[in-house]
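Visitor: Submitted below is the structure of interest, expressed as structure tokens.
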Amino acid sequence: MARVSQEHLDARRRQILDGATLCFALNGFHATSMQDVLKSVNLSAGAVYRYFSGKEELIGAIVNEVLDDIRGVFESAGAESPPPPPDVLVGRVLSKILGMRPGLTHEGVSVFPRLMVQVWTETLRNDELSRVMREGYDGVRAAWVKIVEGFQAAGMMRADIPADDVARIMIATAQGFAAQQALFGEVRVPVKTLQNGLKALMSMGEATTQS
């Protein structure tokens with residue numbers, strides 16, 4: 001029997017994960033059966049169970065992957081030096097998040113925002129996944145605290161507000177905009193909308209004149 005290459009094994013595992021991810025994003029983790037996944041990936045039960053022992057292991061793999069992807073985007077943004085203004089930075093992060101997994105679409109629209117909400121829900125019932133998310137969030141927050149401290153040192157932002165407070169709100173803004181797209185179907189609202197809103201909030205207290 002010919003030996004199956006690692007590349008083939010990895011591609012098959014990716015096929016299963018992507019097919020299951022689409023099912024879970026559209027229907028939820030627990031409303032989706034393994035039969036739904038098998039139909040989506042067009043593979044036999046034996047082929048799928050070679051890689052995953054069951055739905056719980058499949059869910060765990062997807063949740064960990066999504067959390068790692070999002071954490072990577074936030075942390076890489078936090079490493080930029082000098083950091084761009086908050087509206088540019090948050091908008092850039094959100095664009096990258098919404099652009100993840102371009103192949104995972106339904107009726108031409110990315111399902112990634114829906115998947116994010118499903119993942120957050122799953123971490124509420126699974127202690128291990130909750131721990132993973134907490135660790136990831138702590139790492140992201142630490143990186144963004146440094147960004148805020150850079151803003152404050154450069155005179156771009158008030159220095160009397162704790163940097164951790166500002167970092168939490170910047171992260172929450174990106175998360176919340178993605179959640180709106182998933183929950184309210186506003187998937188075609190441009191990221192520029194978020195950036196404009198942040199710009200307006202940041203301008204409060206500035207003297208402006210209208211011609």
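Visitor: By a straight-distance test (C-alpha under 16 Å), which aspartates and glutamates pair with residue 199 as possible cross-link partners, with residues fewer than eight away in the same chain excluded?
Guide: Partners found: 87.
Visitor: What dipole magnitude, in Debye to the nearest 20, does region 1-69 give about its Cα centre under +1 on Lys/Arg Cβ and -1 on Asp/Glu Cβ?
Guide: Charge dipole, region 1-69, about its Cα centre: 360 debye, nearest 20.
Visitor: Report the calculated FRET efficiency for residue 161 and residue 127 (r = Cβ-Cβ distance, R0 = 30 Å), to the nearest 0.05. Spell out each step's value before the answer.
Guide: Numbers: r = 34 Å, r/R0 = 1.12.
Calculated transfer efficiency: 0.35.
Visitor: List the lysines whose Cα lies under 27 Å from the Cα of residue 39, skipping any in the same chain that are fewer than 8 positions away.
Guide: Hits, sequence-local ones excluded: 55.
Visitor: Moving on. Projecting each Cα onto the charge dipole of the chain (Lys/Arg +1, Asp/Glu -1 at the beta carbon, about the Cα centre), which of 150, 198, 38 comes out farthest on the positive side?
Guide: It is 38.
Visitor: I need the GluC sites (Glu not before Pro) found in region 3-111, filtered to DSSP loop residues with at most 14 other beta carbons within 10 Å of theirs.
Guide: Those that pass, being in a loop and sparsely packed, are 80, 107.
Visitor: Still on this structure, please answer the following. Using a 7 Å offset from Cα along Cα-Cβ at residue 80, what residues in region 123-144 end up with backbone N under 19 Å from the label point?
Guide: Of the residues in region 123-144, 140-144 have backbone N under 19 Å from the label point off residue 80.
Visitor: Charges only on Cβ, +1 for Lys and Arg, -1 for Asp and Glu: so what's the dipole of region 1-143 about the Cα centre, in debye to the nearest 20?
Guide: Working: 16 positive and 18 negative charges, 65 e Å.
In debye, rounded to 20, region 1-143 gives about 320.
Visitor: Let me ask another. Could you tell me the center-to-center distance, by alpha carbons, between region 24-86 and region 156-186 in angstrom?
Guide: Cα centroid to Cα centroid, the span is 24 Å.
Visitor: Which log10 I(q)/I(0) values, to two decimals, does region 1-148 give at q = 0.14, 0.21 Å⁻¹ under the Debye formula with one point per Cα?
Guide: Computed log10 I(q)/I(0) values: -0.75, -1.31.
Visitor: Which value, in Å³ per residue, describes the convex hull spanned by the Cα atoms of region 86-179? Before the final figure, lay out the partial values.
Guide: Details: hull volume 9.8 nm³, N = 94.
About 104 Å³ per residue, rounded to a whole number.
Visitor: Further, regarding this structure: What three numbers, in Å, describe the spread of the alpha carbons of region 142-192 along their principal axes, ordered from the longest?
Guide: Its Cα atoms span 39, 19, 17 Å along the three principal axes.
Visitor: Can you sort 5, 110, 81 by solvent-accessible area, 1.4 Å probe, largest first?
Guide: Accessible-area ranking of 5, 110, 81, largest first: 81, 5, 110.
Visitor: Given just the C-alpha atoms of region 103-142, how large is their convex hull per residue in cubic angstrom? The partial results should precede the final answer.
Guide: Values: hull volume 3.4 nm³, N = 40.
Per-residue hull volume (Cα only) is 84 Å³.
The values are calculated or read from the model by the stated rules, or taken from the named source; none is laboratory data. These figures come from a predicted structure and were not determined experimentally. Using ideal geometry, Cβ is built from the backbone for each residue, glycine included, and neighbour counts are taken over all protein chains shown. Note: areas computed on protein heavy atoms with side chains; ligands, DNA, RNA excluded. Shrake-Rupley method; radii C 1.70, N 1.55, O 1.52, S 1.80 Å.
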